[in-house]
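Input: a single structure, listed below in structure tokens.
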Amino acid sequence: MPPKQIQLTVQNISKSFAGKGGDVNVLDDLSFTINERDFVSIIGPSGCGKTTIFNIIAGLLEPDGGTITYRGKEIESLRGRVGYMMQKDLLFPWRTVMGNVLLGLETRGVDQKEAEEKAREYLKQFGLAGFENAYPKTLSGGMRQRVALIRTLIMDPDILLLDEPFSALDYQTRLYLEGVLKDAVQTYNKTVILVTHDIDEAVALSKRVVVLSGRPARVKVVHEIDIEATSPITARNDVKFSTYFKTLCAELDIQTETTS
Amino acid sequence: MSLVMSGTSARKKAVPRKSRKKRSTFDTTLGRAVLQLLGVAIFFALWEAGVHAGYISAFLMGSPSGIFATFYKLILSGELLSDSWYTLFEAILGFIIGTIFGSLFGLALWYSVFVAKLVEPFIVAINSVPKIALAPIVVLWFGTGLISKVALAVSLTALVALIAAYQAAKDADVDLQSLMISMGADKHQVFWKAVVPSTLPSIIATFRINIGFGLVGAVVGEFISSQRGLGHMIFLASSLYDLNSVWVGLFTLMILGFVLYYVIDIIERTSLPWKQATTSHQVQV
Ligand SMILES: Nc1ncnc2c1ncn2[C@@H]1O[C@H](COP(=O)(O)OP(=O)(O)OP(=O)(O)O)[C@@H](O)[C@H]1O
Ligand SMILES: [Mg+2]
């Protein structure tokens, strides 16, 4: 195995929001690193600042302090280079499936014909061929998430930021989409940071799991997940799966006990 | 659970089946039209009967037979048609100009929160003036011709469109805009791809109100001073106590408003196909 190269470093990031009763310290001195082609899950109590981290990396929020280093260079944010899939499925209701998928390429000014061809390929691969002209309203939740995933992947971003992408879906659809995601990440060689509340999902998909403490968020532990499985379903059958699962549960339980 | 519940659920099932309403034979497009026309016919018949029996003064109220005779006469002479066209033209022109300028200005305020906050009290102040009160000045400024009526219609419609567009742009989904920003979109792209499309339903919703305001502007302008148009015709006839002609004018305005409303309806449906999935479907209570 070649030595792991660091792709993204988040260092000493802090962020507070002005709240009613004074400032709310959401992130305080948060640091972690992401390797090239990493698959990192971030888990932590609700409201601890996971979405805030993503917003900072994506350039939607400015941190109060700290640095982001990308492939050796210090940068403001990864705006324009990340594929950000937000917590709620955010399809443009007035755009068709095709229109939604093309959104990013359009803003980038890619040739329409070329973009559409690429989109058709993706749609076919994700089992959405024939739905090009459907409006999001007429799709099922799982289909909408697939469209959002294609929209994210088709831009060929350096890093995927997935904020609880499957949390609103039923278990079967979630299992299926986890497989779709894992395959896509492997085919397109993507780095993924996944926020999830689902420990099961985190263990089944990731190479590493970052456990955050309650607000202000700090990295509590990072667990390397050493499961060599081809799919998230077989990963769940791995002998080590339940050990990881129990460990992470324990981590989170301790969290909730001390912070609540 | 299903075993325990099966007895009660079987009994329950019978209830909705029995209570499911059978649609009345009149609850179809044709059936409703028949009922509606019947209502109108009864209304006119009562009116006519009242006039004949002497309960209703034909001098102050006119009579349906007189109205139809006048209607027929004015159609044949071509006056009614030319007056209608004139008023319709003023109203539509005022509506289009007012709506376009109002909407564009309202949308443009999205670009700068500073400017928006600066002009907001002025917009509220101007909006609180009953625009009809401007009619005499508008006629002074723009003369007695077409322009003054269009200007009046514009003054009525522009602010409605402006406020609706501004409000809708302010309320546009922030997450959609954030998503575009994370993709590297610039402000113009966010404006055209995220903000403008999301304001369209609100802007189009103002068409319904504004087409009516366009007609109001045109007719009031004609009341004040004009040689043509339905407003002119109504004003002139009422000063001559020609109630039948007044009614012809009013009913013609009603028909114009009615037709325009449905034209807007078609525009709304064809321009927002993505909305159709919900608007055509109503929950049966
Ligand atoms: N724009 C904002 N203004 C003020 N407070 C905010 C803002 N955004 C987030 N917060 C606060 O910051 C804290 C962290 O929010 P964040 O959305 O990052 O949590 P999260 O970890 O993603 O939670 P969840 O798991 O429930 O999605 C919350 O307490 C929230 O109220
Ligand atoms: Mg969140």
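Going through B:Leu74, B:Leu93, B:Leu80, B:Leu60 one at a time, which residue ends up being modelled with pLDDT of 95 or more and either in the same structural domain as B:Val259 (by TED's automatic domain parsing) or in a helix (DSSP H, G or I) (or both)? Please lay out each step first, then the result.
Numbers: B:Leu74 fails: modelled with pLDDT of 95 or more; B:Leu80 fails: modelled with pLDDT of 95 or more; B:Leu60 fails: modelled with pLDDT of 95 or more.
Of B:Leu74, B:Leu93, B:Leu80, B:Leu60, the one residue that is modelled with pLDDT of 95 or more and either in the same structural domain as B:Val259 (by TED's automatic domain parsing) or in a helix (DSSP H, G or I) (or both) is B:Leu93.
Kindly establish whether A:Leu194 is modelled with pLDDT under 90, in contact with a Pro (Cβ under 9 Å, 6 or more places away or on another chain) and closer than 30 Å to A:Glu121 by Cα.
Numbers: modelled with pLDDT under 90: no; in contact with a Pro (Cβ under 9 Å, 6 or more places away or on another chain): yes; closer than 30 Å to A:Glu121 by Cα: yes.
When the stated conditions are applied, A:Leu194 does not pass them.
Could you list, in sequence order, the residues of segment A:26-61 that are within 12 Å of ligand 2 (Cβ to nearest atom), open to solvent by less than 10 Å² (accessible area, probe 1.4 Å) and within 14 Å of chain B (Cβ to nearest Cβ)?
The answer is A:Ile53, A:Phe54.
Determine, yes or no, whether B:Ile204 is within 14 Å of chain A (Cβ to nearest Cβ), under 23 Å from B:Glu90 (Cβ atoms) and within 25 Å of the chain's Cα centre (by Cα). Quick ask: steps written out before the conclusion?
Details: within 14 Å of chain A (Cβ to nearest Cβ): yes; under 23 Å from B:Glu90 (Cβ atoms): yes; within 25 Å of the chain's Cα centre (by Cα): yes.
Here the answer is yes, as B:Ile204 does meet what is asked.
Need the failing condition index for B:Ile147 against (1) without any contact (Cβ under 8 Å) to a residue 24 or more places away in the chain; (2) under 30 Å from A:Leu162 (Cα atoms); (3) away from every other protein chain (no Cβ under 14 Å), just the number.
Only one criterion is unmet by B:Ile147, namely (2).
Residues are listed down the side, and each one gets a yes or a no for (1) open to solvent by less than 50 Å² (accessible area, probe 1.4 Å); (2) free of Cβ contacts under 8 Å to residues at least 24 places away in the same chain; (3) of a type outside the set (Gly, Ala, Ser):
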residue: B:Lys73; (1), (2), (3): no, yes, yes
residue: B:Gly78; (1), (2), (3): yes, yes, no
residue: B:Trp85; (1), (2), (3): no, yes, yes
residue: B:Ala91; (1), (2), (3): yes, no, no
residue: B:Ile96; (1), (2), (3): no, yes, yes
residue: B:Gly106; (1), (2), (3): yes, no, no
residue: B:Phe114; (1), (2), (3): no, yes, yes
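What's the number of the condition A:Arg95 fails, among (1) under 19 Å from B:Ser182 (Cβ atoms); (2) among the basic types (Lys, Arg); (3) open to solvent by 70 Å² or more (accessible area, probe 1.4 Å)?
Here A:Arg95 meets the rest and fails (3).
Let me spell it out: the conditions are (1) more than 27 Å from B:Trp85 (Cβ to Cβ); (2) more than 14 Å from chain A (Cβ to nearest Cβ); (3) not aliphatic (A, V, I, L, M), and B:Thr157 meets all of them except one. Which number is the exception?
Here B:Thr157 clears every test but (1).
Among helices (runs of 4 or more DSSP H) lying entirely in segment B:127-198, which contain 3 or more residues that are assigned by TED's automatic domain parsing to the domain that holds B:Leu107 and either in contact with a Gly (Cβ under 9 Å, 6 or more places away or on another chain) or open to solvent by less than 40 Å² (accessible area, probe 1.4 Å) (or both)?
Values: elements: B:135-142, B:146-171, B:174-182, B:187-190.
In segment B:127-198, the matching helices (runs of 4 or more DSSP H) lie at B:135-142, B:146-171, B:174-182.
Return the total of residues in segment A:150-177 being open to solvent by 50 Å² or more (accessible area, probe 1.4 Å) and among the polar types (S, T, N, Q).
The number of residues fulfilling the criteria is 2.
Looking at segment A:183-198 only, could you name the residues that are away from ligand 2 (no atom under 16 Å from the Cβ), outside any loop (DSSP other than H, G, I, E, B) and touching a residue at least 60 places away in the same chain (Cβ under 8 Å)?
We begin by selecting, within segment A:183-198, every residue away from ligand 2 (no atom under 16 Å from the Cβ); these are A:183-192.
Applying the additional criterion that residues be outside any loop (DSSP other than H, G, I, E, B) yields A:183-188, A:191-192.
Answer for segment A:183-198, where residues must be away from ligand 2 (no atom under 16 Å from the Cβ), outside any loop (DSSP other than H, G, I, E, B) and touching a residue at least 60 places away in the same chain (Cβ under 8 Å): A:Val185, A:Thr191, A:Val192.
Given the criterion modelled with pLDDT under 90, more than 23 Å from A:Leu205 (Cα to Cα) and either crowded, with 16+ Cβ neighbours inside 10 Å or touching a strand residue (DSSP E or B) at 6+ places or on another chain (Cβ under 6 Å) (or both), identify the matching residue among A:Asp64, A:Asp23. Even if it seems obvious, please write down each step before you answer.
Values: A:Asp64 fails: modelled with pLDDT under 90.
Going through A:Asp64, A:Asp23 in turn, just one is modelled with pLDDT under 90, more than 23 Å from A:Leu205 (Cα to Cα) and either crowded, with 16+ Cβ neighbours inside 10 Å or touching a strand residue (DSSP E or B) at 6+ places or on another chain (Cβ under 6 Å) (or both): A:Asp23.
Yes or no: B:Leu260 under 21 Å from the mean Cα position of the chain (by Cα) and surrounded by 19 or more Cβ atoms within 10 Å (Cβ to Cβ)? Even if it seems obvious, please write down each step before you answer.
Details: under 21 Å from the mean Cα position of the chain (by Cα): yes; surrounded by 19 or more Cβ atoms within 10 Å (Cβ to Cβ): yes.
Yes: the conditions hold for B:Leu260.
Out of A:Val147, A:Val110, A:Val82, which single residue is surrounded by 21 or more Cβ atoms within 10 Å (Cβ to Cβ) and either farther than 30 Å from A:Asp29 by Cβ or in contact with a His (Cβ under 6 Å, 6 or more places away or on another chain) (or both)?
On the way: A:Val110 fails: surrounded by 21 or more Cβ atoms within 10 Å (Cβ to Cβ); A:Val82 fails: either farther than 30 Å from A:Asp29 by Cβ or in contact with a His (Cβ under 6 Å, 6 or more places away or on another chain) (or both).
Matching residue, one of A:Val147, A:Val110, A:Val82: A:Val147.
Being more than 16 Å from ligand 1 (Cβ to nearest atom) and among the hydrophobic types (A, V, I, L, M, F, W, C) is the filter here, so list the residues in segment A:1-49 that pass it.
The first filter runs over segment A:1-49 and keeps only residues more than 16 Å from ligand 1 (Cβ to nearest atom), leaving A:1-9, A:11-12, A:31, A:33-39.
Correct list: A:Met1, A:Ile6, A:Leu8, A:Ile34, A:Phe39.
When segment A:145-180 is examined, which residues are found to be closer than 22 Å to A:Val222 by Cα and more than 16 Å from ligand 1 (Cβ to nearest atom)?
Of everything in segment A:145-180, those that are closer than 22 Å to A:Val222 by Cα and more than 16 Å from ligand 1 (Cβ to nearest atom) turn out to be A:Ile159, A:Leu160, A:Glu178.
The values are calculated or read from the model by the stated rules, or taken from the named source; none is laboratory data. Keep in mind it's a predicted model, so treat the numbers as computed, not measured. A quick note on method: Cβ atoms are made from the backbone with ideal geometry, for glycine too, and the neighbour counts reach across all protein chains shown. Just the protein is used for accessible areas: all its heavy atoms, side chains included, with ligands, DNA and RNA removed. Shrake-Rupley method; radii C 1.70, N 1.55, O 1.52, S 1.80 Å.
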